[in-house]
1. Heavy-atom accessible area per residue, segment 36-244, 1.4 Å probe: how many Å²?
2. Can you show me the helix-derived [θ] at 222 nm for the chain, built from DSSP H runs with n ≥ 4 at -39,500 (n - 2.57) apiece and divided by the number of residues, rounded to the nearest 500.
3. Using the Cα centre as the reference, give the magnitude of the dipole from point charges on the C-beta atoms of segment 36-244 (Lys, Arg: +1; Asp, Glu: -1; all else neutral), rounded to the nearest 20 debye.
4. Sum up the charges of everything whose Cβ sits under 12 Å from the Cβ of V128, counting Lys and Arg as +1 and Asp and Glu as -1, but leave V128 out.
5. Distance check, please: which entries in K158/K182; K126/K176; K158/K223 exceed 26 angstrom between their Cα atoms?
6. Give, rounded to the nearest 20 debye, the magnitude of the charge dipole that segment 104-167 has about its Cα centre when Lys and Arg contribute +1 at Cβ and Asp and Glu contribute -1 at Cβ.
7. Under Stokes-Einstein, with the Kirkwood radius over Cα pairs standing in for Rh, what whole-number D in µm²/s applies to the chain at 20 °C and 1.002 mPa s?
8. Mind giving me the FRET efficiency for N46 and M177? R0 is 25 Å, r the Cβ-Cβ distance, nearest 0.05 is fine.
Amino acid sequence: MNNRVFLLCVIFGTVTSAIAQNSYYYLKRCRRTDPQINACLQKSANTFIAYMNHGIPELRLAEPEPLVIDEIGIALGNGPNGYRATFRDINAFGVSNMTITAVRSDLDSHQFQFTLFIPHISARAKYVSSGVLILVQASGGGDYWGEYDGVRAKVYVKAQPVTRQGRQHLTLQQIKMDFSVKEIQMGVTQVHNGNAVLEAALNLFINSNAQELLKEMKPDLKKKLTHLLWGFMENTFESIPYDEWII
């Protein structure tokens, strides 16, 4: 073997080895003996989010915007004239700007709590409604928009270890979440039949009662978000051995 071929082999071997050792480049490893393990997990989570925002092909993760929710509904009042609204094809922008602000963990029981902050989320959707709202017959449909500032959330994750192909992974057992929004502006446009009176009445009611409306949306919204989080976490745990994250 001449010197040139030998040199190429050495370079190829070095590059291949480096790639192999850096297969999980999107993670920061943390040591379970680190007294600041939660701070390390926080940095690791934010590192992962930064890479995720550009897509991680190895995890089959494309760029995350927009977050799409198929449908949520609200109900205000009882009886045949109670107001009902269903929001479909909800597209939310800004979720990828999240920052993990704190982590609590119990590594022995594989429990984690992530506290996160999102500065601003914009949402767009189609809606249909029925019933009476502030003495106005509000049946119809149109476009919905929402601007949410100062979104804070906590996500609780419980997992258990499993062995796959000789490596330890985590598998999801439970996810719970809750969130709050500091300031909300939202409204409707393109109301059915171009009813300007109904549109004005709806927008007045919506913006005067934004937090109460969010409270009504919350159960359905939390259920949908938890379902999305479950799929995301399961894919992540399945793809990344536990000891590539915590050693």
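1. Result: 53 Å² per residue.
2. It lands at -11000 deg cm²/dmol.
3. About 360 debye.
4. Its environment carries a net charge of 0.
5. K158/K182; K126/K176
6. 320
7. Result for D is 102 µm²/s.
8. So, using R0 = 25 Å, E works out to roughly 0.85.
The values are calculated or read from the model by the stated rules, or taken from the named source; none is laboratory data. For clarity, every value in this text was computed on a predicted model and none was experimentally measured. Cβ sites come from the backbone with ideal geometry, for glycine too, and all protein chains shown count toward neighbours. Ligands, DNA and RNA are stripped out before the accessible areas are found, and what is left, the full protein with its side chains, is counted by its heavy atoms. Shrake-Rupley method; radii C 1.70, N 1.55, O 1.52, S 1.80 Å.
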